[in-house]
Amino acid sequence: MRLDKLLSNKAFGSRKEVHQLIKDGRVLVNGVKATKKDYSISLKTDIITVDGVRVSTEQQYYIKFHKPAGYVTAVEDPVHPVVMDLLPLEFKKMGVFPVGRLDKDTEGLLLLTNDGVWGHSIINGHKHVPKVYDLTYTGTLSDEGIQRIREGILLGDGTQCKPAQIEVFDSNQARITIQEGKYHQVKRMIGAAGGEVTYLKRLSVGPITLDGVEKPGQFTKIDTVEIDGFRK
Ligand code: URA
């Protein structure tokens, strides 16, 4: 694998930023300063460091899963069925964990990985990854409530949400895009605007969609081309 590809896969930055790291002499391969960005490395035998810290070259897996309702987003739970129950045991053995959380009654796109750096970079919100949800609600979403969602709604417990996009359709349906991942965020935003969510489905996380896993329970490994969409 190319040195610059490894480093950008490991969330050291965009290709351009990684090239700068190499140029600045901060990257060593087997103790020797790397000089070429397209330097070819062996994931099995080479030791790569950035600023003296070793970069893991273990194989990393990225999985997209269409979570059905009724499963808790966890690797294990003493009481409830968990998403890992629906995935091959090998994934558990690979140390794959869910990236963020969907509620038990929420369905849709859930990403899993054993790449802790990447997973946490998606969860911590600094990347502002847009997440799109379809929902059905009861009650009334007033124009004023919708406006507050667009401007950044204040939740009942005083939590301030960032501005979100929302489109409201007939039959009490809506599509909302948020860039955060607060606890029960969509349900609480709709609640603060006068509605109550009765059905929630996540359609996408950044550039990754449910394409190829249209049916609940389906999963597939995703290749790094899709993952690269997060690194820009
Ligand atoms: N917002 C929610 O309220 N629930 C989810 O599962 C995801 C986002």
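Considering only 63, 149, 41, give the residue with the highest GNM mean-square fluctuation for the chain, with springs between Cα atoms whenever their separation is below 10 Å.
Top of the fluctuation ranking is 41.
Fully extended, how many nm does the chain gain between residue 170 and residue 105 (0.36 nm per residue separation, minus their Cα-Cα distance)? Walk me through the numbers on the way to the answer.
Numbers: separation 65, 0.36 × 65 = 23.40 nm, distance 2.27 nm.
So the chain would gain 21.1 nm between residue 170 and residue 105.
If you build a Gaussian network model of the chain, linking Cα atoms that sit under 10 Å apart, which residue out of 34, 11, 74 swings the most?
34
Which of 10/37; 162/215; 10/64; 104/201; 67/221; 5/33 have a Cα-Cα distance over 20 Å? Numbers along the way, then the final one.
Numbers: 10/37 15 Å; 162/215 31 Å; 10/64 18 Å; 104/201 11 Å; 67/221 14 Å; 5/33 17 Å.
Beyond 20 Å: 162/215.
Once you have a ≥ b ≥ c as the square roots of the Cα gyration tensor eigenvalues for segment 130-205, tell me rounded if a/c is under 1.5, and otherwise prolate or oblate according to whether a/b is larger than b/c. Mind showing how you got there, number by number?
On the way: a/c = 1.42, a/b = 1.07, b/c = 1.33.
Here segment 130-205 falls in the rounded category.
Please report, as a whole percent, how much of the solvent-accessible surface of segment 130-205 comes from carbon and sulfur atoms (probe radius 1.4 Å). Kindly include the intermediate steps, with their values, before the conclusion.
Numbers: 1840 of 3890 Å².
That share works out to 47 percent.
Mind listing which GluC sites (Glu not before Pro) in segment 26-101 are in a DSSP loop and have 12 or fewer other Cβ atoms within 10 Å? Write out the running numbers ahead of the final one.
Working: sites: 58, 76, 90; in loops: 58, 76.
Passing sites in segment 26-101 are 58, 76.
Calculate the tail of P(r) for the chain: the fraction of all Cα-Cα distances greater than 27 Å, expressed in %.
Details: 11680 of 26796 pairs.
For the chain, the share of Cα pairs beyond 27 Å comes to 44 percent.
Which of rounded, prolate, oblate describes segment 3-54, given a ≥ b ≥ c as roots of the alpha-carbon gyration tensor eigenvalues and a/c under 1.5 marking rounded, otherwise prolate only if a/b is larger than b/c? Let's see the in-between values first.
Working: a/c = 1.45, a/b = 1.24, b/c = 1.17.
Since a/c stays below 1.5, the shape of segment 3-54 is classed as rounded.
Can you give the accessible area of residue 199, probe radius 1.4 Å, in Å² rounded to 10?
90 Å²
Find the accessible area per residue for the chain; the probe is 1.4 Å, ligands and nucleic acids are left out, and the unit is Å².
Working: 12230 Å² over 232 residues.
Solvent-accessible surface per residue comes out at 53 Å².
Can you classify segment 36-159 as rounded, prolate or oblate using the Cα gyration tensor, where a ≥ b ≥ c are the square roots of its eigenvalues, rounded means a/c under 1.5, and otherwise it's prolate if a/b beats b/c and oblate if not?
Numbers: a/c = 3.03, a/b = 1.63, b/c = 1.86.
Note, shape of segment 36-159 comes out oblate.
The values are calculated or read from the model by the stated rules, or taken from the named source; none is laboratory data. None of these values were measured; they are calculated from a predicted model. Cβ: placed from backbone, ideal geometry, glycine included. Neighbour counts: every protein chain shown. Side chains included, ligands, DNA and RNA excluded: accessible areas come from the protein's heavy atoms. Shrake-Rupley method; radii C 1.70, N 1.55, O 1.52, S 1.80 Å.
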